[in-house]
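Report on the structure given below.
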Amino acid sequence: MTVPLDPATVIAEFAERVAPYDPVTGVPPVALVGVRTATGEAVFQLSDHVLRAMCRALEAYRDPQDRGTCVQCGGRRLDDNLHCPDCGRLHGILGEVIARHARRVAEEAPHGPAA
Ligand SMILES: [Zn+2]
């Protein structure tokens, strides 16, 4: 279940946490960031320090569902088992073992009923 978020509150609390560490005080804000959601809207005046901190936080964010990229098809939807639903490739140690076994079987002479 997804925990409800109030984006305006999150931004306000972020700015409050970061602003005390701004080495420069008494200068006008460098950016306005506006948020409008179903819960309301707000506009924030951000100092250069807070804006840079917000950008670094956004750059550092990685989605919890991000499990890398499929080496076979480039898909980005690997599941919890590192299985690619787009092409069927299984990643991770088990996937590598299975892939090696499949290559070895494919290289072997074809098997069939004895004549
Ligand atoms: Zn794939």
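What length, rounded to one decimal in nm, is gained on full extension from Val10 through to Leu32, with 0.36 nm per residue of separation minus their alpha-carbon distance?
Details: separation 22, 0.36 × 22 = 7.92 nm, distance 1.56 nm.
Extending this stretch completely gives an extra 6.4 nm.
Compute for the chain: radius of gyration divided by Kirkwood radius, i.e. Rg/Rh, restricted to C-alpha atoms, rounded to two decimals. Could you put the intermediate results ahead of the total?
Working: Rg = 25.2 Å, Rh = 19.1 Å.
Ratio value, two decimals: 1.32.
Model label points for Leu94 and Arg77, set 7 angstrom from Cα along the Cα-to-Cβ axis, are 2.1 nm apart.
The dipole here belongs to the chain: it is taken about the Cα centre, uses +1 on the Cβ of Lys and Arg and -1 on the Cβ of Asp and Glu, and is about 360 debye.
Amide H contacts of His83 (H built 1.01 Å from N, in plane; Pro and chain starts excluded): His91 sit under 5 Å, all sequence-distant by 5 or more or on other chains.
Ordering 69-78, 12-21 by mean Cβ neighbour count within 10 Å, with the highest value first, yields 69-78, 12-21. Here the range 7-60 is treated as a sphere whose radius is the Kirkwood value from Cα pairs; by Stokes-Einstein at 4 °C and 1.567 mPa s it diffuses with a coefficient of 111 µm²/s.
Across the range 1-102, the relative contact order, built from alpha-carbon pairs under 8 Å that are at least six residues apart, equals 15 percent.
What residues of the range 39-67 lie in the reach of a label at Thr2, counting those whose backbone N is under 16 Å from a point 7 Å from the Cα along Cα→Cβ? Inside the label zone: 39-40, 63-66.
Among Tyr61, Val33, Pro20, which residue has its Cα furthest toward the positive end of the charge dipole of the chain, with +1 on Lys/Arg Cβ and -1 on Asp/Glu Cβ? After comparing all options, I get Tyr61. Just checking the listed ones, His83, His49, His101: in the Gaussian network model of the chain with Cα springs under 10 Å, the one fluctuating most is His101.
A short reminder: the numbers here are calculations on the coordinates, not readings from a lab. Bear in mind that the values here come from a model prediction, so they are computed numbers and not experimental data. Backbone-built Cβ (ideal geometry, glycine too); neighbour counts: all protein chains shown.
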